[in-house]
Amino acid sequence: MSGLLSSSAIFATALAAGAITTSPALASDSHLDRSGWTLLAGAPSRTLPPIAGAMQLAQTETPEAPAAEAAPAAEAAPAAEGEAAAGEQAAAAAGAEEDEPEVMPEATDALIDMGEDLRALQEFAIRMDATREQVMDSGQKIQFGGTVIYRVSRPDALRMDVLTDTGGHQIYYDGKTLTLYTPGKEYYGQAEAKPTIRETIEWMEDTYGVETPLADLFDWGTERAPFDELEFAFLVGNSRIDGILTQHYAFRLAETDMEVWLETGDRRLPLKFVITDRTDDSMPQFEATLKWSTLEKFDDYIFTYSPSADAMKIPLTPLDEWAKLAKQE
C-alpha cells in the first residue's frame, strides 16, 4: 500500500479489503497482504504419515562349499528357496501397501457430510476466534489475532462484526445493499449487492477484494469443492475442542494444507480448522476455532446499516481502480 494515498483512500482500501492499516514497519513489508481475514486454503504443517516403500532384500554371496559339504548344501537349497519365496511375498505385500489410495474415502466423506450439514443451516450465528501469520521480508512470521461474529439468515442476509489486532469493521448485507462500516471512525461505504449471500460473497471478493473466511467450508460436497486437488486425505484421530469430542482430519491440496476438527454425532460442524500456505517457504498459517449457535431468530434490522448523524459516506473503490492509481504513483 503506497504511503502517498490520502487518509480517506487508505481507509477505503482497508475497508474494501477487510484490513486496517498497521504500523509503518509492517505496512511497508512486501509480504504483508491487505486481505484481512483471508483463507489461504490448505492443510496441516504436521508430518504426513509415511507411505510404505518397496522392501529391499539384502542379497549376500555364499562361498562355494567344499565337495565334502555338498550334501548339506543341497539340503539347504530348499530352505533358501523358501526364504526367497517369503521375500517375494513380502515385497509384493509392500508394493500393494504402496498402491493404497493416499486420499482416504472416510476423510473425503467427512468433508461432504460437513458441507451438507452446513448448507442445511438456515439461521445461525458463529463466533470465530482466529490467528493469522504474516511473513516479513526477513522471513520472520508475525501473528495477528482477532474475532469475527457471523450472523446469517439464508438466503439473503449476512452480518459480520470483525475485531482484530489491527482494527475492526462491520459488513452488512440485507439482500439489496452491501455496507462496509468502521465503528469509531464513522466512515462507511455502500454498493448495490446481489440477490443471495453466495452471489454477494463472490461479487464482493472479485470486485473489492473482501473475502469471507468460512465461505469455502460450505462448498464441500458441491461442484465448487476442489476434490481434484486433494493429494492426501486421512483421519488423524479423536480430539476434544472446548471439551467437545471431535474427529481430526488432515488434507493436502495443490498449494495448501488443511486440518479440520469435526464435531462427532448427528451433525458434522467444524469446531476448528488450520490452513497452511505451502507456496511460501515460511509456511504461514491461519488457525480458527468456531462456536456455533444454530437456533437463532434474527430481526431484519440486524442486517441493515443505519448511519448515525456523524457518519460520513465514502465511495467503495473497486480493485481495478486501485490498480490504476498504483500505476500512476
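A short reminder: the numbers here are calculations on the coordinates, not readings from a lab. Quantities reported herein were computed from a predicted structural model and do not represent experimental measurements. Backbone-built Cβ (ideal geometry, glycine too); neighbour counts: all protein chains shown.
Observations on the structure shown:
- Euclidean distance between Cα centres, the range 250-329 to the range 137-204, Å: 8
- Between residue 308 and residue 186, the simple label model (points 7 Å from Cα in the Cβ direction) yields a spacing of 0.7 nm.
- Per residue, the average separation of C-alpha pairs within less than 8 Å and at least 6 apart gives the range 176-302 a relative contact order of 11 percent.
- Under 19 Å from the Cα of residue 291 - lysines, other chains or at least 8 residues apart: 272
- Taken along the Cα-to-beta-carbon direction at a fixed 7 Å, the label points for residue 224 and residue 121 span 1.5 nm.
- Here the dipole of the range 233-287 is about 300 debye; that uses its Cα centre as origin and unit charges on the Cβ of Lys and Arg (positive) and Asp and Glu (negative).
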